[in-house]
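Enquirer: So that we are looking at the same thing, I have put the structure below in structure tokens.
The values are calculated or read from the model by the stated rules, or taken from the named source; none is laboratory data. Computed from a prediction, not measured in an experiment: that's the story for all the values here. Note that each Cβ is placed from the backbone with ideal geometry, even for glycine, and that neighbours are counted across all protein chains shown.
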């Protein structure tokens, strides 16, 4: 398999600066070398060109930096689509989680043209299910999954000309522990499968991973994993955009990734919200790179 690394150095969607350096941190942590050691061909596509906050204005307080985020996501969607059309595996390196609006748009376009069914596994402390009407901050990194489900600003929901990008029954969230009221309502109204950290505490990550993957394989031919590093507990990954206590442990996260790899069917991946400014010796990016290697097939024996 040929893996294409695509850097998305953007923090426009976040309320805290620094995740625009995430792609560089992941490269420094050796994400490409780890994948090559597993036998993959790795091509680095470099970083998309994205304007920083300092040269932009906020025109809509509930959709901060919308024009540039939408432009960057359209560019990413086209690049991801090209990678899939060439037979490659797109691995997008963020950047804040609004990146996934673009990456999944490109995947959805590919799936529609090849008559594949898209499924999304969203590993995150947050639901990312806000809309401009429900968002308490106006930060777009809290809206990508809602946009992919067809809820939110048309500039985001309509990227790649497909709305919605994914069906509710083909979406599973794992690791959730911080939800806004509007997100809870959307989960209930759309019937989304969401496994909270309370579920993981009660049942264990292995049972939940198997159940989630069974649902996705019933609903989808192409599974996309969107991995927000803030799904991990801050005690092991403090360098993230929006840390929340009580997350996945080191071994829970590895077991989740190993179980995903064993099940197969994953054809694309996002890694988002690494913030080196808040980190210590690039530890969070290093752990994220290790987890990506586990998802791509690395084993103890």
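Enquirer: May I ask you to list pairs of residues, at least six apart or on different chains, whose Cβ atoms are under 9 Å apart, with the first in region 141-170 being at positive phi and without any contact (Cβ under 8 Å) to a residue 24 or more places away in the chain and the second being outside any loop (DSSP other than H, G, I, E, B) and surrounded by fewer than 24 Cβ atoms within 10 Å (Cβ to Cβ)?
Expert: Sorted first by the residue in region 141-170, then by its partner, the pairs are 150/157.
Enquirer: Which condition number does residue 187 fail, the rest of (1) under 23 Å from residue 91 (Cα atoms); (2) out of contact with any helix residue (DSSP H, G or I) (no Cβ under 6 Å at 6 or more places or on another chain); (3) not in a loop (DSSP other than H, G, I, E, B) being met?
Expert: With respect to (1) under 23 Å from residue 91 (Cα atoms); (2) out of contact with any helix residue (DSSP H, G or I) (no Cβ under 6 Å at 6 or more places or on another chain); (3) not in a loop (DSSP other than H, G, I, E, B), residue 187 is out only on (1).
Enquirer: Take residue 261 and tell me if it is in a helix (DSSP H, G or I), without any contact (Cβ under 8 Å) to a residue 40 or more places away in the chain, closer than 21 Å to residue 299 by Cβ and touching a helix residue (DSSP H, G or I) at 6+ places or on another chain (Cβ under 8 Å).
Expert: The answer is yes for residue 261.
Enquirer: Just name the residue that is surrounded by the most Cβ atoms within 10 Å (Cβ to Cβ) out of those in region 210-222 that are under 17 Å from the mean Cα position of the chain (by Cα) and in a helix (DSSP H, G or I).
Expert: Among residues in region 210-222 that are under 17 Å from the mean Cα position of the chain (by Cα) and in a helix (DSSP H, G or I), the one surrounded by the most Cβ atoms within 10 Å (Cβ to Cβ) is 216.
Enquirer: Tell me which residues, restricted to region 95-110, are surrounded by fewer than 24 Cβ atoms within 10 Å (Cβ to Cβ) and in contact with a strand residue (DSSP E or B) (Cβ under 9 Å, 6 or more places away or on another chain).
Expert: If the condition is that a residue be surrounded by fewer than 24 Cβ atoms within 10 Å (Cβ to Cβ) and in contact with a strand residue (DSSP E or B) (Cβ under 9 Å, 6 or more places away or on another chain), then 110 is the only one that fits.
Enquirer: Moving on to the next point. Of the residues that sit in region 242-295 and are over 28 Å from residue 15 (Cα atoms) and touching a strand residue (DSSP E or B) at 6+ places or on another chain (Cβ under 8 Å), which one is surrounded by the fewest Cβ atoms within 10 Å (Cβ to Cβ)?
Expert: 265
Enquirer: Do we have residue 173 as assigned to a strand (DSSP E or B), crowded, with 24+ Cβ neighbours inside 10 Å, under 13 Å from the mean Cα position of the chain (by Cα) and on the phi < 0 side of the Ramachandran plot here?
Expert: It is true that residue 173 is assigned to a strand (DSSP E or B), crowded, with 24+ Cβ neighbours inside 10 Å, under 13 Å from the mean Cα position of the chain (by Cα) and on the phi < 0 side of the Ramachandran plot.
Enquirer: Okay, moving on. Test residue 194 against the criterion of being within 21 Å of the chain's Cα centre (by Cα), assigned to a strand (DSSP E or B) and either under 28 Å from residue 251 (Cα atoms) or at pLDDT below 95 (or both), and give yes or no.
Expert: Taking the combined requirement at face value, the residue satisfies it.
Enquirer: OK, next. Looking at 54, 33, 45 in this structure, which one is at pLDDT below 95, surrounded by fewer than 21 Cβ atoms within 10 Å (Cβ to Cβ) and either in contact with a helix residue (DSSP H, G or I) (Cβ under 8 Å, 6 or more places away or on another chain) or assigned to a helix (DSSP H, G or I) (or both)?
Expert: Every option except 54 fails the conditions.
Enquirer: Would region 160-176 turn up any residue that is out of contact with any helix residue (DSSP H, G or I) (no Cβ under 9 Å at 6 or more places or on another chain) and within 24 Å of residue 10 (Cα to Cα)?
Expert: Within region 160-176, none of the residues are out of contact with any helix residue (DSSP H, G or I) (no Cβ under 9 Å at 6 or more places or on another chain) and within 24 Å of residue 10 (Cα to Cα).
Enquirer: I've got another one for you. Report every pair of residues separated by at least 6 positions or lying on different chains whose Cβ atoms are under 8 Å apart, first residue within region 93-119 and over 13 Å from residue 269 (Cβ atoms), second surrounded by 24 or more Cβ atoms within 10 Å (Cβ to Cβ) and modelled with pLDDT under 95.
Expert: Qualifying pairs under 8 Å: 96/241; 97/241.
Okay, residues lined up against (1) in a strand (DSSP E or B); (2) under 25 Å from residue 20 (Cβ atoms); (3) more than 18 Å from the chain's Cα centre (by Cα); (4) without any contact (Cβ under 8 Å) to a residue 24 or more places away in the chain:
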| position | (1), (2), (3), (4) |
| --- | --- |
| 224 | yes, yes, no, no |
| 227 | yes, yes, no, no |
| 236 | no, yes, yes, no |
| 243 | no, yes, no, no |
| 254 | no, no, no, no |
| 277 | no, yes, yes, no |
| 280 | no, yes, yes, no |
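Enquirer: Kindly indicate whether residue 92 is part of a helix (DSSP H, G or I), buried (at least 21 other Cβ atoms within 10 Å of the Cβ), touching a helix residue (DSSP H, G or I) at 6+ places or on another chain (Cβ under 6 Å) and modelled with pLDDT of 95 or more.
Expert: no
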